[in-house]
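Every number in this text was worked out from the coordinates using simple rules, so none of it is lab data. All values reported here derive from a predicted model rather than from experimental measurement. A quick note on method: Cβ atoms are made from the backbone with ideal geometry, for glycine too, and the neighbour counts reach across all protein chains shown.
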Amino acid sequence: MRFTMDSADVFVPDGLPLEQALARTTHLAIAAHQDDIEIMAAAPVIECYQKPDKWFTGVVVTDGRGSPRDGLYKDYSDEEMRVVRFKEQRKAAFVGDYAAQVILDFPSKVVKDGASRGPVDDLAAILRLSRPKFVFTHNLADKHDTHVATALKAIAAIRSLPAAERPQKVYGCEVWRDLDWMVDEDKTPFDLSQHESLQAALLGVYDSQIAGGKRYDLASLGRRRANATYFASHGVDETLGLTYAMDLTPLALDPQRDVLDFVLEHIQRFAQDVADRFKRVG
Ligand SMILES: [Zn+2]
């Protein structure tokens with residue numbers, strides 16, 4: 001299998017050839033950076049963990065060159081940082097028993113260029129071989145440009161497939177901005193009560209980011225716990241951890257549907273929810 005960038009990185013933890021490794025995929029995550037998958041898509045990793053009939057594949061679109069660095073990594077060049085981040089992503093794939101892990105190795109600016117086709121073509125090729133039932137990517141109200149750009153490339157790739165080959169469900173997940181603000185009817189919650197130590201291990205391999213001064217491990221586990229407690233104001237906690245996703249499936253089913261209008265409708269429902277409460281109690 002050839003990707004746009006000759007330097008794209010492929011890792012199959014159990015050593016199968018890539019095509020076979022991809023063909024068993026049921027759950028696919030498409031993320032911007034090394035570590036985003038483990039922050040936003042822990043639910044499908046755990047859903048597939050040690051299950052003979054469920055397999056998780058991760059795809060990271062960018063090259064990690066622009067990563068912030070401090071401490072041990074302070075003097076690393078962009079290329080040294082890229083290598084460190086590739087290794088960390090491979091470690092996560094090993095810990096999580098992924099079916100396969102692909103890093104497409106695009107510079108961020110290529111991903112953020114709305115006209116660039118390379119990422120869309122590569123993602124479409126992976127989707128055609130893996131035929132996942134479920135796809136997880138960034139949510140469309142994320143505040144990181146590369147995250148939203150990656151989600152748009154993922155949606156374009158899904159839309160390029162014949163309707164019968166598209167995934168059953170497409171979810172936009174939480175990284176830079178959580179989805180607590182969405183009205184409850186718009187939230188797709190994923191229960192993360194189980195395998196807490198595995199969740200911690202998946203986040204813990206990213207030493208270059210954590211030592212670089214960002215405790216994504218504690219923050220992500222804390223967000224999951226906060227979501228679980230604050231999901232419902234009445235009644236006891238039903239889970240120990242929750243992540244939310246924005247259901248992007250309507251965009252996959254209807255390629256004509258305007259993507260920006262779709263996300264703005266979520267914000268309008270949030271605004272209406274705030275206004276309705278004022279009508280009740282104001
Ligand atoms: Zn990211």
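Data table
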item: Around L16: net Lys/Arg minus Asp/Glu count, Cβ-Cβ under 13 Å; result: -2
item: Highest to lowest packing among 217-229, 236-248, scored as the average C-beta count within 10 Å; result: 236-248, 217-229
item: Most to least packed among 13-24, 266-277, 54-65, 32-43 [average Cβ atoms within 10 Å]; result: 32-43, 54-65, 13-24, 266-277
item: Under Karplus coefficients 6.51, -1.76 and 1.60, residue-wise ³J(HN,Hα) of region 76-92 in Hz, glycine/proline x; result: 5, 6, 4, 5, 4, 5, 4, 5, 4, 6, 4, 5, 5, 5, 5, 4, 4
item: Taking all pairs of distinct alpha-carbon atoms in region 49-142, Kirkwood radius in angstrom; result: 15.1 Å
item: Table column - 3J(HN,Hα) (Hz), region 181-197, Karplus curve with 6.51, -1.76, 1.60, x for Gly and Pro; result: 5, 5, 5, 4, 5, 8, 7, 9, x, 10, 6, 10, 5, 8, 6, 4, 6
item: DSSP beta bridges in region 1-133 [antiparallel fraction, %, rounded to 5]; result: 25 percent
item: Lysine pair count for the chain [Cα-Cα under 18 Å; pairs on different chains or 8 or more apart]; result: 14
item: For region 160-212, the spread of Cα positions along each principal axis, largest first, Å; result: 43, 29, 24
item: Backbone N within region 108-128 under 14 Å of label point (7 Å from R2 Cα along the Cβ vector); result: 122
item: Förster-model FRET efficiency, 25 Å R0, D113 and K51, C-beta, rounded to 0.05; result: 0.05
item: Between region 217-277 and region 126-179, the Cα center-to-center distance that results, in Å; result: 16 Å
item: Where labels lie 7 Å past Cα in the beta-carbon direction, separation of F94 and K143 in nm; result: 3.6 nm
item: Distance between modelled label sites at S77 and F278, nm, 7 Å Cα→Cβ extension; result: 5.7 nm
item: Per-q log10 I(q)/I(0), the chain, q = 0.16, 0.17 Å⁻¹ (Debye; single scatterer per alpha-carbon; no solvent); result: -1.30, -1.46
item: Ellipticity estimate at 222 nm from DSSP helix runs (n ≥ 4, -39,500 (n - 2.57)) divided over the chain, nearest 500; result: -13000 deg cm²/dmol
item: Estimated FRET transfer efficiency when R0 is 22 angstrom, pair R24-K87 (beta carbons, to 0.05); result: 0.35
item: Antiparallel DSSP beta bridges within the chain, as percent of all bridges there, nearest 5; result: 40 percent
